[in-house]
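Data block below; observations after.
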Amino acid sequence: MNLAFIGTGYVGLVGAAVFSGWGNKVVGIDIDKKKVEMIKAGRMPIYEPGLSEVVLRNTKENRLSFTTSLAKGIEDAEIVFICVGTPQGVTGAADLSSVWKVAKEIGRNIRSYKVIVTKSTVPVGTNESVKEIIRENLTNKNVKFDVASNPEFLREGYSVEDMQNPDRTVVGSDSIKALRIMKKLYSHLETPVLTCDIRSSEMIKYASNAFLAAKISFINEIGQICERAGADVSVVAEGMGLDDRIGPRFLRAGIGYGGSCFPKDVSALYKTSSDQDYDFKLLRGVMEVNERQRDHFLFKISRHFGENLDGKKFGVLGLAFKENTDDIRDSVAIKVIRSLRGMGAYIRAYDPQATENAKKELGETGIRYCKSASSALKDCDALVILTEWKEFEFLDLNLAKKLLKKPVIFDGRNVLNRKEVESMGFMYFAVGKRTKAVRGIDDRTLQASAILSNGKR
Ligand code: NAD
């Protein structure tokens, strides 16, 4: 089939590459000239394991090409995927300006029947507006088209794998013809392809992300109780996860979720619920808990070193919002670093992939970007882990102890093994578990932290 992907970011570029690998002829379209030139030159604008190989192979075999011209890009396509960004707007709702812009341009340039598919995450009702905008802008009023919603569920860091082998595919449309075409596109998949009405399809994406975010906030709340009661949240999560009905994923306590999807999607769903005159109390709690986790972690650091961190140096591991990506959008690591710097600390930071993006966000004042985990720890007052990269689990702790001024670790992602770390003489502050050396004062600290998270900071 002939396909077009508008927007060549994490979703559009991976989509274009993977769908061309399935034997389709695909054009990737982006307004960002630099990005398109880069991809054409065989360099990837984002870090995603396996992406470069799929793009290069399919480009070489003439199934995949890129352009900045939407008119040319969609000319022969039977299916046009909209994959532009839908970031959080000022009201908390999704900013749909890029979607509207693309819909207008599609209307002006469509010359033959096409299915216009929204892969971007968009609030319930958006596809109906997309249809209307395309219709209003049609240059040739006789041209027929249909719209469909086909939300994307990939995880950054695993996007090629996820796009190739999705758990499930959801397609919503009010057109039987469009559903038939979309089913043909996905006919080789062995996993379920759910077809439904457009509004339910749009809602499935938000409900799924909100549920996963709720799972994270839930385990973080359990972690708060564990810290107070002397239980270990990692063990509790393991025990819970063995129950088939619960499952082990998204049960890792930490400093909260971030990234380009969960925060904005949870916020957008909350806005949708308010617009429908419904108070989604649980979702409000999910967001509040997420903020509190970060404050609680910062409080542990300031309790240990004092509110004024002037002259203190921290070796920070992790800048990306999660492991396996260079994406720092809404990264909790970036927020924690900003707070630490604001309290006077100097940062030595290392991330396997996200350094260049972090530099653009954090600048170079009060922070030094290091080329390895060990160089980040040199002469630091403590090690602070903010992203769960696999390589941090295998940190050389003997070397870390030698490099640090004092053997103190704040592990915001519960990456290290507490028993091992404590047996080596480190003072270890993790999430959802008590710190051995300060057990006596933990209760007072936690009470103070609770006051602080209730709005005093
Ligand atoms: P992104 O910011 O990485 O990519 C968006 C791309 O669209 C950019 O390259 C931008 O230049 C391009 N673009 C913007 N306006 C355009 C226009 N008028 N014409 C052509 N191109 C244009 O975004 P992303 O992370 O790929 O996310 C895209 C959508 O997919 C969002 O709605 C997001 O919520 C959703 N989504 C993202 C993920 C993820 O993990 N990143 C997962 C599932 C769903």
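Which condition breaks for V90 when tested against (1) under 22 Å from the mean Cα position of the chain (by Cα); (2) closer than 20 Å to V160 by Cβ; (3) of a type in the set (A, V, I, L, M, F, W, C)?
Status for V90: all satisfied but (2).
Between a residue in segment 403-416 that is within 19 Å of E323 (Cα to Cα) and any residue that is polar (S, T, N, Q), which pairs come within a Cβ distance under 9 Å, given they are 6 or more apart or on different chains?
G412/Q293; G412/T387; R413/T387; N414/S234; V415/T387
Within segment 200-259, work out how many residues are aliphatic (A, V, I, L, M) and over 28 Å from L298 (Cα atoms).
Kept after step one, since they are aliphatic (A, V, I, L, M), are these residues of segment 200-259: 203-204, 207, 210, 212-214, 216, 219, 222, 225, 229, 231, 233, 235-237, 240, 242, 246, 251, 253, 255.
Adding the requirement that they be over 28 Å from L298 (Cα atoms) leaves 203-204, 207, 242, 246.
Count: 5.
Within segment 49-94, how many residues turn out to be small (G, A, S), in contact with a strand residue (DSSP E or B) (Cβ under 6 Å, 6 or more places away or on another chain) and not in a strand (DSSP E or B)? So that I can check it myself, show each step before the final result.
Taking segment 49-94 first, the residues small (G, A, S) are 50, 52, 65, 69, 71, 73, 77, 85, 89, 92-94.
Cutting the leftovers down to in contact with a strand residue (DSSP E or B) (Cβ under 6 Å, 6 or more places away or on another chain) gives us 65, 73, 77.
If we keep only those that are not in a strand (DSSP E or B) as well, we get 73, 77.
Matching residues across segment 49-94 total 2.
Would you mind stating whether G254 is small (G, A, S), more than 19 Å from Q88 (Cα to Cα) and either in contact with a helix residue (DSSP H, G or I) (Cβ under 6 Å, 6 or more places away or on another chain) or touching a residue at least 40 places away in the same chain (Cβ under 8 Å) (or both)? Give the steps one after another, and end with the answer.
Numbers: small (G, A, S): yes; more than 19 Å from Q88 (Cα to Cα): yes; either in contact with a helix residue (DSSP H, G or I) (Cβ under 6 Å, 6 or more places away or on another chain) or touching a residue at least 40 places away in the same chain (Cβ under 8 Å) (or both): yes.
Considered against the rule, which asks whether it is small (G, A, S), more than 19 Å from Q88 (Cα to Cα) and either in contact with a helix residue (DSSP H, G or I) (Cβ under 6 Å, 6 or more places away or on another chain) or touching a residue at least 40 places away in the same chain (Cβ under 8 Å) (or both), G254 comes out as yes.
Taking segment 7-25, which residues are open to solvent by 10 Å² or more (accessible area, probe 1.4 Å), within 8 Å of the ligand (Cβ to nearest atom) and among the hydrophobic types (A, V, I, L, M, F, W, C)?
Answer for segment 7-25, where residues must be open to solvent by 10 Å² or more (accessible area, probe 1.4 Å), within 8 Å of the ligand (Cβ to nearest atom) and among the hydrophobic types (A, V, I, L, M, F, W, C): just V11.
Considering only residues that are more than 11 Å from the ligand (Cβ to nearest atom), part of a loop (DSSP other than H, G, I, E, B) and under 12 Å from S201 (Cβ atoms), look in segment 117-149 and name the one that is farthest from the chain's Cα centre (by Cα).
First, pick out the residues of segment 117-149 that are more than 11 Å from the ligand (Cβ to nearest atom): 117, 124-125, 127-149.
Those left that are additionally part of a loop (DSSP other than H, G, I, E, B): 124-125, 138-144.
From what's left, under 12 Å from S201 (Cβ atoms): 124-125.
Numbers: V124: 21, G125: 24 Å.
Step by step, filter segment 117-149, then rank; the result is G125.
So how many residues does segment 193-249 have that are open to solvent by 20 Å² or more (accessible area, probe 1.4 Å), in contact with a helix residue (DSSP H, G or I) (Cβ under 7 Å, 6 or more places away or on another chain) and more than 30 Å from D174 (Cα to Cα)?
Total meeting the criteria: 8.
Pick from R348, R294, R284: which is more than 23 Å from W389 (Cα to Cα) and either of a type in the set (V, I, T) or in contact with a helix residue (DSSP H, G or I) (Cβ under 8 Å, 6 or more places away or on another chain) (or both)?
On the way: R348 fails: more than 23 Å from W389 (Cα to Cα); R294 fails: more than 23 Å from W389 (Cα to Cα).
None of the other options fit; the residue is R284.
Being within 28 Å of I181 (Cα to Cα), buried (at least 23 other Cβ atoms within 10 Å of the Cβ) and not hydrophobic (A, V, I, L, M, F, W, C) is the requirement here; does T59 meet it?
Numbers: within 28 Å of I181 (Cα to Cα): yes; buried (at least 23 other Cβ atoms within 10 Å of the Cβ): no; not hydrophobic (A, V, I, L, M, F, W, C): yes.
No: the conditions fail for T59.
Output the residues belonging to segment 29-45 that are within 11 Å of the ligand (Cβ to nearest atom), in a loop (DSSP other than H, G, I, E, B) and surrounded by fewer than 20 Cβ atoms within 10 Å (Cβ to Cβ).
I31, D32, P45, listed by residue number.
Tell me which helices (runs of 4 or more DSSP H) are completely within segment 323-420 and hold 1 or more residues being farther than 25 Å from S260 by Cα, or say none if there are none.
On the way: elements: 332-342, 355-362, 373-377, 390-393, 397-403.
Helices (runs of 4 or more DSSP H) meeting the threshold: 373-377, 397-403.
The values are calculated or read from the model by the stated rules, or taken from the named source; none is laboratory data. Just so it is clear, the model here is predicted, and its values are computed rather than measured. Cβ: placed from backbone, ideal geometry, glycine included. Neighbour counts: every protein chain shown. Areas reflect the complete protein model, heavy atoms only, side chains present, ligands, DNA and RNA absent. Shrake-Rupley method; radii C 1.70, N 1.55, O 1.52, S 1.80 Å.
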